[in-house]
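See below for the structure under consideration.
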Amino acid sequence: MLYYNLSTYLRERYGKRLKKICIDGGFSCPNRDGKCGTGGCVFCGERGAGEHIDPTASIGEQVRAACSGAAADDGFIAYFQNFTNTYAPVEVLKERYDAALVDDRIRILSIGTRPDCISEEICSLLEEYQKEREVWVELGLQTVSDETARLINRGYPLSTFESALAMLKAHGIPVVVHVIFGLPGESREAYRKTADYLASLGVFGVKIHSIYVMHGTRLAEMYGEKRYTPPTLSDFAEAAAYAVARLPEDTVIHRLTGDCPRDLLIAPEWNSDKNAVLEAIRSELIGKGYRQGSLFEE
Ligand code: SF4
């Protein structure tokens with residue numbers, strides 16, 4: 001096995017793959033509404049991810065639609081994807097998470113959020129959900145560099161990420177860290193620094209995204225003004241393979257690609273062929289004699 005992917009983890013733990021239900025929970029983001037910034041991260045679209053989700057459907061409708069017609073022994077991951085899914089008072093969070101947990105076949109509750117929207121109160125709420133099912137928090141990091149973080153308008157320093165991660169770990173909540181390779185101002189050395197940092201965190205899972213320029217984003221403006229050039233597939237594959245090799249063997253790799261809807265993708269063209277991206281990473285791993293953990297250092 002070249003790397004420990006999510007399907008393998010799910011088969012080991014549940015004996016099967018679980019289907020992911022991507023949910024728009026009706027949240028906003030403090031990096032858009034003015035609390036910590038406006039305009040959002042430069043790569044973020046108007047929907048804050050999850051562009052394919054019906055924005056008019058309630059949380060319950062989204063989940064029921066995804067579960068309808070599924071077999072009795074199917075299993076699901078309820079994934080709150082759009083915007084910042086811990087950005088509300090805990091009573092509201094509870095209401096919205098409960099609204100998603102309407103089917104016993106939902107085995108995992110996964111919450112995508114920002115580190116500056118994690119608190120002791122929220123961690124305690126998530127601990128309650130852990131009594132019934134697995135709970136993951138998906139935390140955006142994107143880069144270890146505070147300089148790039150400013151350039152992409154991320155809106156929080158690395159120290160905020162570190163505090164949130166420590167808090168979640170103290171509550172025993174598994175964390176999936178998201179990074180992006182190909183951000184403005186970054187190249188091989190910067191990707192490697194982020195990969196080295198990621199490997200040192202001892203987290204449950206990672207998502208490694210390839211960058212993409214999507215319509216309606218500030219990155220699209222930068223690209224149009226020739227202030228940003230995306231990496232080549234070969235550069236991305238090299239960075240992703242290095243990151244995989246640096247990670248501990250037991251870290252679950254949830255994703256190794258970016259997922260831009262085809263009709264919204266501006267560049268790079270290679271991002272639209274997920275299989276080709278995965279194959280390029282695989283070739284890079286094999287060519288270098290790497291597998292997950294082969295460059296891990298305690
Ligand atoms: S934190 Fe997430 S939702 Fe908010 S602007 Fe950045 S990418 Fe978009």
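Values in this text are rule-based calculations from the coordinates and carry no lab data. These numbers come from a predicted model, not from an experiment. All Cβ positions, glycine included, derive from the backbone under ideal geometry; neighbour counts span all protein chains shown.
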Which one of these does THR38 not meet: (1) in contact (Cβ under 8 Å) with a residue 24 or more places away in the chain; (2) on the phi < 0 side of the Ramachandran plot; (3) surrounded by fewer than 14 Cβ atoms within 10 Å (Cβ to Cβ); (4) within 14 Å of the ligand (Cβ to nearest atom)? (1)
Of the conditions (1) of a type outside the set (Val, Ile, Thr); (2) surrounded by fewer than 13 Cβ atoms within 10 Å (Cβ to Cβ); (3) near the ligand (Cβ under 10 Å from one of its atoms), ASN31 satisfies every one except a single condition; which number is it? (2)
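Can you name every residue in region 77-118 that is assigned to a loop (DSSP other than H, G, I, E, B) and either without any contact (Cβ under 8 Å) to a residue 12 or more places away in the chain or basic (Lys, Arg) (or both)? Give the steps one after another, and end with the answer.
Pass one, region 77-118, residues assigned to a loop (DSSP other than H, G, I, E, B): 81-89, 101-105, 114, 118.
PRO89, ASP104, ARG105, ARG114 - these are the residues of region 77-118 that are assigned to a loop (DSSP other than H, G, I, E, B) and either without any contact (Cβ under 8 Å) to a residue 12 or more places away in the chain or basic (Lys, Arg) (or both).
Please find, among ILE23, ILE59, the residue that is more than 11 Å from the ligand (Cβ to nearest atom), more than 28 Å from ILE266 (Cβ to Cβ), of a type in the set (Val, Ile, Thr) and touching a helix residue (DSSP H, G or I) at 6+ places or on another chain (Cβ under 7 Å). Spell out the reasoning first.
Details: ILE23 fails: more than 28 Å from ILE266 (Cβ to Cβ).
From the options ILE23, ILE59, the qualifying one is ILE59.
Looking at region 94-114, is at least one residue within 14 Å of the ligand (Cβ to nearest atom), of a type in the set (A, V, I, L, M) and over 30 Å from SER68 (Cβ atoms)? Break it down into steps so the answer makes sense when it comes.
Initially, region 94-114 is screened for residues within 14 Å of the ligand (Cβ to nearest atom), giving 111-114.
Now restrict to residues that are of a type in the set (A, V, I, L, M): 111.
Still in the running and over 30 Å from SER68 (Cβ atoms): none.
The answer is no, given that none of the residues of region 94-114 is within 14 Å of the ligand (Cβ to nearest atom), of a type in the set (A, V, I, L, M) and over 30 Å from SER68 (Cβ atoms).
For VAL137, are the conditions met, namely being farther than 19 Å from ASP24 by Cβ and away from the ligand (no atom under 12 Å from the Cβ)? Before the answer, list the steps.
Details: farther than 19 Å from ASP24 by Cβ: no; away from the ligand (no atom under 12 Å from the Cβ): yes.
So VAL137 does not fit the description; no.
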Those residues that are buried (at least 20 other Cβ atoms within 10 Å of the Cβ), under 27 Å from ALA237 (Cβ atoms) and β-branched (Val, Ile, Thr), I need them from region 147-185; list them, please. ILE152, VAL175, VAL176, VAL177, VAL179, ILE180
